[in-house]
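Some notes on the structure that comes next.
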Amino acid sequence: MSTLVLDSETVFATLNMPACIDLMAATQVAISRGEIELPLRSMLQVADGGGYFGVMPGEIGSAGVFGAKLVTLFPANPDRGIPAVQGHILLFDRADGAPLALVEASSVTALRTAAASAAATRVLAREDAATLAVLGCGVLAETHLEAMLAVRPVRDVRIWGRNIDKATAFAQSHADEDGAVVRAVADAAEAVAGADLVCTVTGSHTPILEGDWLSPGAHVNLVGAHNPATREADGRVLERGRVYTEITEFALAEAGDLLLAIEEGHFARTDIVGEIGQAIDGQVPGRLSESEITVYKSLGNTAQDLTAAHYVYSQVTGNPAAKD
């Protein structure tokens, strides 16, 4: 018996965005129904504070697998031309514990993160949302652009980054993407003004999105901040919005966007409407009016990684339980 090694090229060739969006929606519903239980991930700060090492185990009974994602997160890496997230997802057979596949993790992370945002957008954003602001211009900006175009009739895309040259290069490489006009803007407030959809996908530790910039009816995907001390949104974003989490328990332990807003008095735990899986499943209401602002706080979770990695494995082998 041998363990398959599946690289990033295989992941991108096998896991298309529409399929991944449906997969992430189903995964979040299963989590909210209690069909998937996950331990809180373990994050170790390494390299004198320059990065993190994450160990994220989980089990997907319906897929017949369990496993773990082992990754590093070095926020400064994109400036060196290296992915911020690097590592692998190791899948095991639930029947006998045999290792099945080692799947490259940064590609899975890029796809499933954007797909999860799209699943949230599909249930929370206005149907006619046509203007998109993406704050950030790295790998997650690329996959979020693809994901948003897959679920809403986006025609106007504004890209902002702290480096306007990078934002301009991004816009030029995605010019007229799928019928949408993509342009770089030098100011985040200008990018957000009048936007129907806002995706924050930066490595910033402090707010790059202010709630007072948001227009009535906007939907916001908060993606980049990943620990209690970091945030991409100021407290007004949470104060103005109807807020949905990925997994509420994890958000209240790790999501600085929420925790710092609570600390400042802009937001309360009881203001959380529910988990996005509950909204997709109809257990809690989604958007109630055309004018309200909705907010989805993403952290990422192992169930998303394992289901996406298992999908790739299944497509490659043609058999989810196949062994050599």
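The values are calculated or read from the model by the stated rules, or taken from the named source; none is laboratory data. As the structure is a prediction and not an experimental result, all values here were calculated from the model. Cβ: placed from backbone, ideal geometry, glycine included. Neighbour counts: every protein chain shown.
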* Hey, residue 10 hits all of (1) farther than 27 Å from residue 205 by Cβ; (2) crowded, with 21+ Cβ neighbours inside 10 Å; (3) of a type outside the set (Asp, Glu) but one; which does it fall short on? -> (2)
* Asked: Of everything in segment 206-244 that's part of a helix (DSSP H, G or I) and among the charged types (D, E, K, R), which residue is nearest to residue 127 (Cα to Cα)?
  -> 240
* Asked: When segment 93-148 is examined, which residues are found to be surrounded by fewer than 24 Cβ atoms within 10 Å (Cβ to Cβ), in a loop (DSSP other than H, G, I, E, B) and touching a Leu at 6+ places or on another chain (Cβ under 7 Å)?
  -> 129
* Scan (1) in contact with a strand residue (DSSP E or B) (Cβ under 6 Å, 6 or more places away or on another chain); (2) outside the structural domain of residue 213 (by TED's automatic domain parsing); (3) within 30 Å of residue 196 (Cβ to Cβ) for the single condition residue 78 breaks and write down its number. => (1)
* Asked: What tally of residues in segment 239-255 results from selecting those that are farther than 21 Å from residue 28 by Cβ and crowded, with 21+ Cβ neighbours inside 10 Å?
  -> 0
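Kindly indicate whether residue 270 is in the same structural domain as residue 13 (by TED's automatic domain parsing), modelled with pLDDT of 95 or more and part of a helix (DSSP H, G or I). Don't jump to the end; show me each part of the working.
Numbers: in the same structural domain as residue 13 (by TED's automatic domain parsing): no; modelled with pLDDT of 95 or more: yes; part of a helix (DSSP H, G or I): yes.
No; evaluated as a whole, the condition is false for this residue.
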* What is the residue count in segment 294-324 for residues that are over 19 Å from the mean Cα position of the chain (by Cα) and among the hydrophobic types (A, V, I, L, M, F, W, C)? -> 3
* Asked: Taking into account only those residues within segment 232-264 that are touching a Gly at 6+ places or on another chain (Cβ under 6 Å) and among the basic types (Lys, Arg), which is nearest to residue 36 (Cα to Cα)?
  -> 240
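Yes/no per residue for (1) at pLDDT 95 or above; (2) in the same structural domain as residue 169 (by TED's automatic domain parsing); (3) within 19 Å of the chain's Cα centre (by Cα):
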residue	(1), (2), (3)
187	yes, yes, no
198	yes, yes, yes
201	yes, yes, yes
220	yes, yes, yes
223	yes, yes, yes
226	no, yes, yes
233	yes, yes, yes
* Structure fact -> Residues of segment 122-172 being small (Gly, Ala, Ser) and touching a residue at least 60 places away in the same chain (Cβ under 8 Å), in sequence order, are 125, 129, 130, 133, 136, 138, 141, 147, 150
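Evaluate the following for residue 193: is it farther than 20 Å from residue 117 by Cα, among the aliphatic types (A, V, I, L, M) and surrounded by fewer than 19 Cβ atoms within 10 Å (Cβ to Cβ)?
Values: farther than 20 Å from residue 117 by Cα: yes; among the aliphatic types (A, V, I, L, M): yes; surrounded by fewer than 19 Cβ atoms within 10 Å (Cβ to Cβ): yes.
Yes; evaluated as a whole, the condition is true for this residue.
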* Asked: From the set of residues in segment 79-92 that are part of a strand (DSSP E or B) and among the hydrophobic types (A, V, I, L, M, F, W, C), which is nearest to residue 298 (Cα to Cα)?
  -> 85
* To do: Tell me, please, whether a residue that is closer than 30 Å to residue 102 by Cβ, in contact with a Pro (Cβ under 8 Å, 6 or more places away or on another chain), part of a helix (DSSP H, G or I) and among the small types (Gly, Ala, Ser) can be found in segment 313-322.
  => yes
* Among what's in segment 36-67 and is among the aliphatic types (A, V, I, L, M) and touching a residue at least 40 places away in the same chain (Cβ under 8 Å), pick the residue that is surrounded by the fewest Cβ atoms within 10 Å (Cβ to Cβ). => 40
* Check whether at least one residue in segment 267-289 is surrounded by fewer than 23 Cβ atoms within 10 Å (Cβ to Cβ) and in contact with a Gly (Cβ under 6 Å, 6 or more places away or on another chain), and report yes or no. => yes
